[in-house]
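Enquirer: Below is one structure. I have some questions about it.
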Amino acid sequence: QVQLVESGGGLVQPGGSLRLSCAASGSISSIVVMGWYRQVPGQQRELVAHFFRTGSTNYADSVKGRFTISINNAKDTVYLQMNSLKSEDTAVYYCNVGGVGWGKSVWGQGTQVIVSS
């Protein structure tokens, strides 16, 4: 099993930047995808970005060109660099990790991002 610990959320003004981190521990060798989702109260959780073991990435259209997903050399931490933040980026951000042979993916505890002046 894998455990996830997120950090990096907070309050930032529009146009500002934040970097989220998600550290994985446990059976990390079987991880094939690490990603970020976000959720606003009353709305469905939505994909923000994925980083696949192959090195490929994909992004939601709403964040393309502003957000960058990356992982560290040990492949146990995934980052989300968020630039040019907008008020509509306000949400709880969740890390999500999937692996080979897992019954289901694993979620982090969530970290709040508030973009407001």
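Enquirer: Name every residue in the range 51-61 that is open to solvent by 30 Å² or more (accessible area, probe 1.4 Å) and either modelled with pLDDT of 95 or more or in contact with a strand residue (DSSP E or B) (Cβ under 8 Å, 6 or more places away or on another chain) (or both), in order of residue number.
Expert: If the condition is that a residue be open to solvent by 30 Å² or more (accessible area, probe 1.4 Å) and either modelled with pLDDT of 95 or more or in contact with a strand residue (DSSP E or B) (Cβ under 8 Å, 6 or more places away or on another chain) (or both), then Phe51, Phe52, Arg53, Ser56, Thr57, Asn58, Tyr59, Asp61 are the ones that fit.
Enquirer: How many of the residues in the range 50-79 are over 13 Å from Val97 (Cβ atoms) and not acidic (Asp, Glu)?
Expert: Total meeting the criteria: 19.
Enquirer: Search the range 10-42 for residues being touching a residue at least 40 places away in the same chain (Cβ under 8 Å), open to solvent by 30 Å² or more (accessible area, probe 1.4 Å) and assigned to a loop (DSSP other than H, G, I, E, B), and hand back the single one that is farthest from Val113 (Cα to Cα).
Expert: Across the range 10-42, the extreme among qualifying residues is Ser27.
Enquirer: Among Val106, Val115, Val100, which is in contact (Cβ under 8 Å) with a residue 60 or more places away in the chain, surrounded by fewer than 14 Cβ atoms within 10 Å (Cβ to Cβ) and hydrophobic (A, V, I, L, M, F, W, C)?
Expert: Criteria check complete, one pass: Val100.
The values are calculated or read from the model by the stated rules, or taken from the named source; none is laboratory data. Because the structure is predicted, anything quoted here is derived from the model rather than measured. Cβ sites come from the backbone with ideal geometry, for glycine too, and all protein chains shown count toward neighbours. When the accessible area is computed, the model is the full protein with side chains, heavy atoms only, and any ligands, DNA or RNA have been set aside. Shrake-Rupley method; radii C 1.70, N 1.55, O 1.52, S 1.80 Å.
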